[in-house]
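All remarks here apply to the structure that follows.
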Amino acid sequence: MKDIRLMKGNEAIAEAAIRAGADAYFGYPITPQSEVLEYLMSQKPEERTGMIVLQAESEVAVINMIYGGAGCGKKVMTSSSGPGISLMQEGISYIAGAELPCVIVNIERGGPGLGTIQPSQADYLQAVKGGGHGDYKLIVLAPASVQEMADFLSIAFNLAFKYRNPVMILSDGAIGQMMEKVEFSKQIPRNKIMPEWATTGKTPDREKNIITSIILDPEKQEIHNQKLQKKYREIEKNEVRFEKILCDDIEYLIIAFGTCSRVCQKSVQIAHEKGIKVGLIRPITLYPFPYHEINKMTDRLKGILTVEMNAGQMLEDVRLAVNGKLKVEFHGRMGGMIPTPEEVLDALEQKIIQRK
Amino acid sequence: MNIETEELELSYKDYKLDQPVKWCPGCGGHAVLSAVQKALPETGIEKEKVVFVSGIGCSSRFPYYINTYGFHSLHGRGAAIASGIKVANPNLSVWLVTGDGDSMAIGGNHFIHILRRNINVNILLFNNKIYGLTKGQYSPTTPLGSITKTSPDGTIESPFLPGELAMGAQGTFYARVVDTDPKMIKDVLVEAANHKGTSLVEILQNCIIFNNQVHSEITGKEVREDNQIYLEHGKPMIFGKNRDKGIIQVGQKFLVAKIGENGVRKEDILIHDAHNPDDTRHYMLSRMSLPDYPVAMGVIRACKSNVYEDMLHKQISLSKTREKVKNVNELLKSGNVFNIQ
């Protein structure tokens, strides 16, 4: 029998964490994602799987607890929203530098600063271009439904361990708070055998190992950086994920991720009824970004509209993908506002189609 | 020419705003706000010099509700921002409004350091022992074993006592008040404002939605006289409905004694010395808790010490008098200079 429930996105990601065999969740309340911590506490995961849930004193403490847990080879995760994710950036940089796996969920809200508690996509650049200091990358997944909140969590853990790299799930307050049908997979048991690099105690048969991102010798630090970069090229080669919606025989293309892609799916449907040949590409991995796929399509297109809940952040990656071959326009809402399907279509007609 | 001027006295109305106060009906914050508005005119501080700084949380909405300069800042960082304001502009009267989440959790670091530096800032710590703004998770002051949204089986962490932290951080002023006694808040706030150095006023505040009645054993009408002791400098530590109980010291410990019983005389009751630089008794007073002791209210500690911004500006003045170079021109011509031929 299928295990189908009606749940908030925040609750789905929490339930998925238990089922993915996560060892620990560290968190701190912040709207609009406090339900992740609350749901986990209410489920008593220590009884269900032995998973640990801890409310820390701040997000700075959280990310360093994550660093410690990840160093033990455990499946550890956290969730927060913009202001909290900003507080974690220092730790994220260290974790990436030390090549440890973990999953960080950002239920974005409007910024900058404390901003609003309504949904936003304004943390895109922070997520995909670094956020913290130094040359590092996060693998970034962008769910567009409550189902994907659940599904992407186990994908995120798999990628994190495959590449020994932090993975971010970049979602927003709309998906976090809305309720949808979600089907859960079976419980995965927690790992019993830790990776060979994990802090499990120095027994006589083990080499000494120090988990660190500090390499003071610049020659060695460069070699370490080269190793990281090689890993990122591997990730770019293997892990690009995207979804094409109504993209056969089209003249125009809309590119949007997460909540915006849901809105734009409707815009595309309305456009088809009106005879406008427009399709939708939804990047699922924001890093690695589907540059190649978008670039391949530009020759047969008349224009691209990027739609985001920010001032135009993914727009920069879309323009890199198009590489000057085609004019790319943008429609966005900011500060917690969500565009309507009709206004997206209006923007397409005014900014892209009527230009021709 | 003589111009006649009329000296206007400030009243609480000068600090009131017609803004709607967006705290829940029945929130302890309303009484505190009103007490602050009444206390400020009594401090004699010019209204234009008052700044209210806050962090994040329910209490931190305070600057919107009072007619002064305001600074609604970052979660936990209010103490650092208030420090910056006071050091940059020592003429201002700086007030920091914070909560048990804001200052005891993420802001713990800045909280202890403002006290250690003894910057002349007045801190109002609204302690409702819960996270109100995020809707009911436990905080660092939530009593052990409390059931909240994030502790369905009860908390397993020992709570902080803000007074303990204040003493540990070498704080020079610590007072405790309850939100059910506006006069007590007002009187203590005036003392806090007059204190030179960081003043910490802990306000036991009720959160009617997420932690209702958390302080009722202390504030309840029936019990408050027996369960609170209001401390005043130079006065004996006497409390109780019949004013017949007091604090005595036996060896290293405080004890509650009844005057007239077991040979205890009124003269045996300890006299409160808030000004003593030695904080041993202040620490013991701040830790007194039910059911063995009444909870200490009023100004528990108020002692003189160096104030950071005074020391800083003194150091700057001293450096200026010692320095031979007085201006940029002199600076440019000092050291190794040569003429181009």
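The label-point distance for A:R5 and B:Y69, in a model that sets each label 7 Å from Cα toward Cβ, rounds to 5.2 nm. Beta bridges assigned by DSSP with both partners in chain A are antiparallel in approximately 30 percent of cases. Computing FRET efficiency as 1/(1 + (r/R0)^6) for B:D244 and A:K192, where r is the C-beta to C-beta distance and R0 is 60 Å, gives about 0.35. Charge dipole (Cα centre; +1 on Lys/Arg Cβ, -1 on Asp/Glu Cβ; no other charges) of chain A amounts to roughly 720 debye.
The dipole here belongs to the protein assembly as shown: it is taken about the Cα centre, uses +1 on the Cβ of Lys and Arg and -1 on the Cβ of Asp and Glu, and is about 1100 debye.
Rounded to the nearest 0.05, what FRET efficiency is calculated for B:Q170 and A:Q269 with R0 set to 60 Å and r the Cβ-Cβ distance? Efficiency for this residue pair is about 0.35.
Extension gain, B:D153 to B:N91: 0.36 nm times the residue separation minus the Cα-Cα distance gives 17.3 nm. Summing Cβ point charges (Lys, Arg +1; Asp, Glu -1) relative to the Cα centre of the range B:32-110 gives a dipole of roughly 80 debye. Distance between the pseudo-spin-label points of B:E261 and B:H233 (7 Å out from Cα toward the beta carbon): 3.3 nm.
Taking a point 7 Å from the Cα of A:D135 along the Cα-to-Cβ direction, the residues of the range A:228-261 with backbone N closer than 18 Å to it are A:228-237. Loop-located trypsin sites (Lys or Arg not before Pro) in the range B:251-306 (DSSP state not H, G, I, E or B) with no more than 15 neighbouring Cβ atoms inside 10 Å: B:R265, B:K304. Applying 1/(1 + (r/R0)^6) with R0 = 60 Å to the Cβ-Cβ distance of B:H313 and A:E251 gives a FRET efficiency near 0.30. Only one residue of A:F289, A:G332, A:A347 has its Cα farthest out toward the positive end of the dipole of the range A:243-353, where Lys and Arg carry +1 and Asp and Glu -1 on Cβ, and that residue is A:F289.
A Gaussian network model of chain A, with springs between Cα atoms under 10 Å, assigns the largest mean-square fluctuation among A:L114, A:L125, A:L141 to A:L114. Once you reduce the range B:202-246 and the range B:50-83 to the center of their Cα atoms, the two points are 28 Å from each other. Label-to-label distance for B:Y12 and A:K227 is 6.7 nm, based on points extended 7 Å past Cα in the beta-carbon direction.
Please list, by residue number, everything in the range A:49-63 whose backbone N is under 14 Å from a paramagnetic label point 7 Å out along Cα→Cβ of B:N109. The answer is A:57-63. Only Cα pairs within less than 10 Å get springs; with that Gaussian network setup on chain B, which residue of B:L124, B:L92, B:L133 has the largest fluctuation? Taking springs between Cα atoms under 10 Å, the residue moving most is B:L133.
Normalised by the number of residues in chain A, the average gap of Cα pairs under 8 Å and 6 or more apart makes the relative contact order 18 percent. Working note: 222 nm ellipticity from helices only, DSSP H runs with n ≥ 4, each -39,500 (n - 2.57), summed and divided by the residues of chain A, gives -12000 deg cm²/dmol to the nearest 500.
Estimated at 0.36 nm per residue, the fully extended path between A:L114 and A:E316 surpasses their Cα-Cα distance by 70.2 nm.
Using a Gaussian network model of chain A in which every pair of alpha carbons under 10 angstrom is joined by a spring, one finds that among A:A24, A:A311, A:A122 the greatest mean-square fluctuation is at A:A311. Think of it as helices only: each DSSP H run of n ≥ 4 in chain B is worth -39500 (n - 2.57), and spread over all residues that comes to -7500 deg cm²/dmol at 222 nm.
Length gained on full extension, A:N158 to A:D346, computed as 0.36 nm times the residue gap minus the Cα-Cα distance: 63.6 nm. For the range B:244-341, the set of GluC sites (Glu not before Pro) satisfying both a DSSP loop assignment and a count of at most 11 other C-beta atoms within 10 Å is given as B:E261, B:E323.
Rule-based calculations on the coordinates, nothing more; no lab input. Note that this is a predicted model, so its numbers are computed, not measured. With ideal geometry, Cβ positions are generated from the backbone for all residues, glycine too; neighbour counts draw on all protein chains shown.
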